[in-house]
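Working notes, beginning with the structure itself.
Just so it is clear, none of the values below were taken in a lab; they were calculated from the coordinates. Treat the numbers as computed from the prediction; the structure is a model and nothing was measured. FYI the Cβ positions are ideal-geometry reconstructions off the backbone, even for glycines, and counts take in every protein chain you see.
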Amino acid sequence: MAELVSHPDEVRVVSRRFGQGATNLDRYLELDGYKAVQKALTMQPDAIVNEVKNSGLRGRGGAGFNTGMKWSFVPKQSAKPKYVLCNGDESEPGTCKDRLIFEHDPHAVIEGTVIAGLAVGSHTGYIYIRGEYRYLLEIMQKAIADAYARGFLGKNIFGSGYDFDVYWHGGAGAYEVGEESALMESLEGKRGIPRIRPPFPAVVGLWGGPTVINNAETLASIPHILLGGADWYANLGPPKNGGTRLFCLSGHLKRPGVYELPMGYNLKKMIYDVGGGIPGGRKLKAVVPGGSSTPLMTPDEIDVPMDFDSMMKAGSMLGSGGVVVLDDTTCMVKFALRIMKFYQHESCGWCIPCREGTDWLKKTLIRFHSGGGLKKDIDNILYLSQNMLGRTFCPLGDAAAMPTISIVKKFRQEFEDHLEGQPCAFEKESKIEQLPVLA
Amino acid sequence: MRFSEQFESRFAEMLTHYPTKRSVLVPTLLYAQDESGSLSDEVIKEIAGRLELTELEVRNVISYYSMLTTHPRGKYNVQVCTNIACLLRGADELFEHCEKKFGVKHKGTTADGLFSLEEVECIGACSWAPAVQVNYDFHENLTTEKLDNVLDEYRRK
Ligand SMILES: Cc1cc2nc3c(=O)[nH]c(=O)nc-3n(C[C@H](O)[C@H](O)[C@H](O)COP(=O)(O)O)c2cc1C
Ligand code: FES
């Protein structure tokens, strides 16, 4: 469905089978499918964990935690069953990569899930796919059924004596459910309210059992690492940032699309070479480098390698791989408002700093954009956002605060320009609902 | 309360996936809604009974998830993403165009019950923005003209 693109700088690992008909199990087998899991079945669990650790693979869901390390936290002995949970809730604005993996290479996700299970001594995996992705859930249902029919799943997989079940699970619309602990609540049939940590899911997760939670792209990378080796994978990217990444290029670009590039690929090059630059002779104004929750960057800040550590050093985050490009026709106040509207809508309402903070910020930004802002509101927006940082029950509050702070700090002048009833310079008339001006 | 055979066999299968019955709730509610258009009192009662939950517990879950609804929608739910990537590529125009075309606002339904309109958050089509989902079908790289053609096809269906 979604259009595929390509660029000479791409290094295809996770996307290697895209467009190759690999949803078909026989075709997947022709393309080295299910070889990695058979190799894993001959390995000691610790050896699998170490291989993944040494590959430098870091979570593709956003936080970038070393995957092998995460697996090593799962206790060897457990009275309760252990689980592997694939996070396919993909809802971070700007992110549309897991969708392609599910569409083109569902067996890779299944295979990665089984290998994760072998590594931590689990016998059950769940693949959670967001409700809007119904066609992908259907692709996954068929892929799982096909794998069972061949004996790749279920009892005695590949005649190894090891049992492993994989089940699909569909969501019903909620960004917060992508947060790992809320994801487990949702899978248990509840509202997606996050759980307190510690205990971390690796120790107490689904139904109280130790649970490994990984993003779909993370799990789809695993078979390639086992077949290609940790060194090969690690060397694709800079130190401690192994491999490649699916970057979702969107916004004001000539060639938007999902491209697989080595970790550490230069952001400026990504925008101008891979994405084709800004159309219509307009100029770059800002970049959201890793999904809507990451601090925005200005044109003078984008000459950076896109890996977790470099982006952190540059004052932003690699995040979920969603690179959204804004040209100079964009109103930054409106952009900040749209981001906040999203987080206010998606806040689960459980903790007060997030629920109230996002709501006040949304209202303030609405008033601001419609020309009713007061000078003191500018600092108020900063103050409210900064007070959410690190003080919410789960990181959704941070996700709302971080881009907002960066926009106010880097584009303060645009807020000033909206003061005293001045209409938005970027729109003929303000289309957003008016709120009363407060004294 | 009667669901389709497909619903029943999937429901029975799903129950075998988890150690607790309750775990089937979220996907089951969505599948039930697909069959009956919305989650009526009758549907809620039925599902609560099957899963040994109170109706309140089920309603609590329904109110959390944005795709679940207790109010009937039109035959085709037109969901316009206006989040950042779509916003930058003309989502507001698409949404306003739909408002005018249907004569309804966000979450409204046309008088003939054919179309509902909804402004939604990111649907995972950012690189192909602006995007609209009609029920479960994605329509991408849209312009108002392209969207008109898409909607006309649904009207003819
Ligand atoms: C509000 C919120 C939403 C999230 N949404 C997603 C998501 O949709 N998909 C995802 O993989 N991770 C998401 N995450 C990150 C998960 O909590 C978790 O870190 C991740 O799934 C772990 O997998 P990884 O280590 O492979 O990245 C979200 C986190 C937060 C705080
Ligand atoms: S922002 Fe519209 S699909 Fe992601």
- Note on the structure: Once phi for every residue in segment A:174-187 is put through the Karplus expression 6.51 cos²θ - 1.76 cosθ + 1.60 (θ = phi - 60°), the whole-Hz ³J(HN,Hα) values, with Gly and Pro written as x, are 5, 5, 4, 5, x, 5, 3, 7, 5, 4, 5, 4, 5, 5
- Message: Between 0 and 90 degrees, rounded to the nearest ten: what's the tilt of helix A:332-346 against the longest Cα principal axis of chain A?
- Response: 50 degrees
- Message: Taking amide H atoms as placed 1.01 Å from N in the peptide plane, list the residues 5 or more away in sequence, or in a different chain, whose amide H sits under 5 Å from that of B:Asn77.
- Response: B:Ser116, B:Asn135
- Query: Among B:Pro19, A:Val5, A:Ile139, which residue has its Cα positioned farthest towards the positive end of the charge dipole of the protein assembly as shown, with +1 placed on the Cβ of Lys and Arg, -1 on the Cβ of Asp and Glu, and the dipole taken about the Cα centre?
  - Reply: B:Pro19
- Within a Cβ distance under 11 Å of A:Ala182, other residues only, what is the Lys/Arg minus Asp/Glu net charge? -4
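Place a +1 charge on the Cβ of each Lys and Arg in segment B:56-116 and a -1 charge on the Cβ of each Asp and Glu, then give the dipole magnitude about the Cα centre in debye, rounded to the nearest 20. Let's see the in-between values first.
Numbers: 8 positive and 6 negative charges, 24 e Å.
Dipole of segment B:56-116, to the nearest 20 debye: 120 debye.
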- Note on the structure: Ranked from fewest to most other Cβ atoms within 10 Å of their own Cβ, B:Ile62, B:Ile123, A:Ile352 fall in the order A:Ile352, B:Ile62, B:Ile123
- Message: With θ taken as phi - 60° and the coefficients 6.51, -1.76 and 1.60, list the Karplus ³J(HN,Hα) couplings across segment A:145-157 in order, rounded to whole Hz; mark glycine and proline as x.
- Response: 4, 4, 5, 4, 4, 8, x, 7, 10, x, 6, 6, 5
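Assign unit charges at the C-beta atoms only (+1 for Lys and Arg, -1 for Asp and Glu), then state the dipole size of segment A:25-234 relative to its Cα centre in Debye, rounded to the nearest 20.
Working: 21 positive and 24 negative charges, 108 e Å.
In total the dipole reaches around 520 debye.
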- How high is the relative contact order of segment A:211-334, in percent, counting Cα pairs under 8 Å that sit 6 or more residues apart? 24 percent
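How high is the relative contact order of segment B:5-64? Use alpha-carbon pairs under 8 Å, at least six apart in sequence, and give a whole percent. Mind dumping the intermediate values first?
Working: 28 pairs, mean separation 15.5, N = 60.
Relative CO of segment B:5-64 lands at 26 percent.
If I take every Cα pair under 8 Å that is 6 or more residues apart in segment A:335-432, average their sequence separation and divide by the length, what percent do I get for the relative contact order? Walk me through the numbers before you get to the answer.
On the way: 127 pairs, mean separation 32.3, N = 98.
This gives 33 percent for segment A:335-432.
Using Cβ counts within 10 Å as a stand-in for footprinting exposure, how do A:Phe200, A:Phe164 rank, fewest first? The partial results should precede the final answer.
Working: A:Phe200 17, A:Phe164 25.
Lowest to highest Cβ neighbour count: A:Phe200, A:Phe164.
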- Query: Measuring from centroid to centroid over Cα atoms, what is the spacing of segment A:406-429 and segment A:195-256 in Å?
  - Reply: 38 Å
- Can you list the residues, at least 5 places off or on another chain, whose amide H is less than 5 Å from the amide H of A:Asp327, using H built in the peptide plane? A:His252, A:Lys285
- Message: Counting only other chains, and only Cβ atoms inside 10 Å, what mean value do you get across the residues of B:26-36?
- Response: 4
- Message: Spelling out what I want: for every residue of segment B:124-130, take phi, set θ = phi - 60°, compute 6.51 cos²θ - 1.76 cosθ + 1.60 (Karplus), and round to whole Hz; glycine and proline get x.
- Response: x, 10, 4, 6, 10, 6, x
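Restricting to DSSP H runs of at least four residues, report the calculated mean residue ellipticity at 222 nm for the protein assembly as shown, -39500 (n - 2.57) per run over all residues, nearest 500 deg cm²/dmol. Let's see the in-between values first.
Numbers: 23 runs with 236 residues, N = 596.
Helix-only estimate at 222 nm: -11500 deg cm²/dmol.
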- Principal-axis tilt of helix A:106-120 within chain A, Cα atoms, nearest 10 degrees: 70 degrees
- Which residues qualify? For A:Gly125, with a placed amide H closer than 5 Å and at least 5 residues away or on another chain, they are A:Val84, A:Asp165, A:Val166, A:Tyr167
- Note on the structure: With Cα coordinates, the longest principal axis of chain A makes an angle with the long axis of helix A:216-228, in degrees rounded to 10, of 50 degrees
- Listing A:Val52, B:Val26 from the residue with the fewest other Cβ atoms within 10 Å to the one with the most, what is the order? A:Val52, B:Val26
